[in-house]
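Heads up: the structure comes next, in structure tokens.
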Amino acid sequence: MISRRQTLGLFGAAASAALLPSIRPARAAVATTFRIGWQKNGVLALANRKGALEKRLADRGISVEWSEFTSGPPLLEALGAGALDFGATGDVPPLFAQAANGNLLYVGLYKGSPEGSAILVRKDSPIQSLADLEGKKLAFKRGSSAHNVAVKALRKGGLKPEDVQQIDLAPPDAAAAFKTGSIDAWSIWDPYLAIAEVDPDTRILATARGIVDSYSFFLANGDFTKANPQVITDVIDELAKVGKIAQSNLDDTTTALAQLTGVPADVTRITLTRPGADLGSVSTITDDAVAYQQGLADEFYALGIVPKKLKIGDVIWHQKAS
């Protein structure tokens, strides 16, 4: 069994190995490769392991290329610049990508458990409530879903973002800082959350339950999607199938994800059995999701986090009926 320290080391190695793919010349209208940015969790990771998308797209003569990332912001930077065709992130990264005029579209979504995101403190920390975070060092990856959890959790505690010392750290770096005590609190998502919370010296200050809805999104490059709409349709459909099969047999799914990520099976199972978790909840974009993202965009603009007003409806892909 891999130790927690080794697991964090694996994620640290992944962080240093995460590649921003080289920008290539303009692509042909009809795709021959499908370039995916992925993180080691969720349905996309399971599809990678099973080769599901490779099989689905083979009849079209399309091969699949995978590039690993440890967070959404750099993934969407690559996607918006045309170095990727498809990827999955939490709720905040698409706002920054749209604000930077990235060429991308929301093409699908899935909802996870709110308990899959939380703010952590050390067990012996004097911080007992969200209000106690005032003046403390709170780490999160700027522009990630953890940023949203941090903002809304602080509000629940009667605080504003500027009331804490905001420390911008990628998950592997934040894990190390949390372990050494150089930060006071950490806003983070699974599987990093599950890895940290099994440490008896770690305490959950608050989960995202009742604070943030747990939306994650599939996004695709705009030019690719317009030229290859049926590929996107097939991919979302296949991911839904992968998710439903995975949800129906969590024992096999736990083993598969543990082998893929290096995260111990008992920790992986925590992420899969949180209240409301459902790997099969993959769909195209819903009106509720658009409204959620628009509200988030408006809030982050008002707080000066996102540099300009955004209209989420401008970057929603509407699947045409066949």
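The values are calculated or read from the model by the stated rules, or taken from the named source; none is laboratory data. Owing to the predicted nature of the structure, the values given are computational and were not obtained by experimental measurement. Counting neighbours? That spans all protein chains shown, and the Cβs are built from the backbone with ideal geometry, glycine included. Please note that ligands, DNA and RNA were not included when accessible areas were found on the heavy atoms of the full protein model with its side chains. Shrake-Rupley method; radii C 1.70, N 1.55, O 1.52, S 1.80 Å.
Hey, could you check region 173-209 for residues that are outside any helix (DSSP H, G or I) and acidic (Asp, Glu) and say which is surrounded by the fewest Cβ atoms within 10 Å (Cβ to Cβ)?
Narrowing region 173-209 to residues outside any helix (DSSP H, G or I): 181-191, 198-209.
Pick out the ones that are also acidic (Asp, Glu) and you get 184, 190, 199, 201.
Numbers: Asp184: 22, Asp190: 25, Asp199: 15, Asp201: 12.
Per the criteria, the residue is Asp201.
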All but one of (1) out of contact with any Ser or Thr (no Cβ under 6 Å at 6 or more places or on another chain); (2) over 14 Å from Gly143 (Cβ atoms); (3) touching a residue at least 40 places away in the same chain (Cβ under 8 Å) hold for Asn101; state the number of the condition that does not hold. (3)
Just one of (1) at pLDDT 95 or above; (2) part of a strand (DSSP E or B); (3) within 22 Å of Ala52 (Cα to Cα) trips up Ala240, so point out which. (2)
Within region 261-282, the count of residues that are of a type outside the set (D, E, K, R), open to solvent by 40 Å² or more (accessible area, probe 1.4 Å) and touching a Leu at 6+ places or on another chain (Cβ under 8 Å) comes to 1
Which is touching a helix residue (DSSP H, G or I) at 6+ places or on another chain (Cβ under 7 Å) and open to solvent by less than 20 Å² (accessible area, probe 1.4 Å), of Val121, Val151? Val151
Need a quick list: strands (runs of 3 or more DSSP E) entirely within region 68-152 having at least 1 residues that are in contact with a His (Cβ under 9 Å, 6 or more places away or on another chain), modelled with pLDDT of 95 or more and hydrophobic (A, V, I, L, M, F, W, C). 137-140
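From the list Leu95, Leu133, which one is more than 24 Å from Gly72 (Cα to Cα) and either in contact with a Ser or Thr (Cβ under 6 Å, 6 or more places away or on another chain) or open to solvent by less than 40 Å² (accessible area, probe 1.4 Å) (or both)?
Leu133
Of everything in region 154-172, what is open to solvent by less than 30 Å² (accessible area, probe 1.4 Å), in a loop (DSSP other than H, G, I, E, B) and out of contact with any strand residue (DSSP E or B) (no Cβ under 9 Å at 6 or more places or on another chain)? Give them in sequence order.
Those that are open to solvent by less than 30 Å² (accessible area, probe 1.4 Å), in a loop (DSSP other than H, G, I, E, B) and out of contact with any strand residue (DSSP E or B) (no Cβ under 9 Å at 6 or more places or on another chain): Leu159, Ala170.
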